[in-house]
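J.: Just passing along the structure, written as structure tokens.
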Amino acid sequence: MKKTEKVTTHEETLNRLARIAGQVKGVRKMVEEKKYCIDIVTQIQAVRSALRSVEMQILKKHMHHCVNESFTSGSQKEADEKMDELLRVMKKQY
């Protein structure tokens, strides 16, 4: 990781998730108020983008801590398990 990059903390992640929850409530309100469909879809896309961003931050943190630790531990079994775990998660995205 570059020195200028920052790994997101749990507190920062929780704050981002709270904002996303607010966005979802906003989408619900738009539907309830029968807003223009394209405006609703645009907001849904923003929520999906925000969730993807949080997902990537959590994955990045996992890789820098848990996965890296498994490789430096010297245990090939542990390293293999972490790699398999990552591959399973990534496979679910496709």
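The values are calculated or read from the model by the stated rules, or taken from the named source; none is laboratory data. If you're wondering where the values come from, they're calculated on a predicted model, not measured in any experiment. Ideal geometry is used to build each Cβ from the backbone, glycine not excepted, and the neighbour counts take in all protein chains shown.
J.: Any residue that is more than 21 Å from THR9 (Cβ to Cβ), touching an Asp or Glu at 6+ places or on another chain (Cβ under 9 Å) and aliphatic (A, V, I, L, M) - is there at least one of those in segment 84-94?
T.: no
J.: Next up: Is it the case, given these coordinates, that ASP80 is modelled with pLDDT under 90, assigned to a helix (DSSP H, G or I), of a type in the set (Asp, Glu) and over 20 Å from the mean Cα position of the chain (by Cα)?
T.: Yes: the conditions hold for ASP80.
J.: Check segment 26-39 and report whether any residue there is over 19 Å from GLN93 (Cα atoms), surrounded by 14 or more Cβ atoms within 10 Å (Cβ to Cβ) and modelled with pLDDT under 90.
T.: Looking for residues that are over 19 Å from GLN93 (Cα atoms), surrounded by 14 or more Cβ atoms within 10 Å (Cβ to Cβ) and modelled with pLDDT under 90, one finds none in segment 26-39, hence no.
J.: Residue pairs, Cβ under 7 Å, 6 or more apart or interchain, first in segment 16-39 and free of Cβ contacts under 8 Å to residues at least 24 places away in the same chain and closer than 22 Å to MET56 by Cβ, second outside any loop (DSSP other than H, G, I, E, B) and of a type outside the set (Gly, Ala, Ser). List them.
T.: If the second residue must be outside any loop (DSSP other than H, G, I, E, B) and of a type outside the set (Gly, Ala, Ser), the pairs left are VAL24/VAL47; VAL27/ILE40; VAL27/GLN43; VAL27/ILE44; VAL27/VAL47.
J.: Looking at (1) at pLDDT below 85; (2) part of a helix (DSSP H, G or I); (3) of a type outside the set (A, V, I, L, M, F, W, C), which is the one condition that is false for GLN57?
T.: With (1) at pLDDT below 85; (2) part of a helix (DSSP H, G or I); (3) of a type outside the set (A, V, I, L, M, F, W, C) applied to GLN57, the lone miss is (1).
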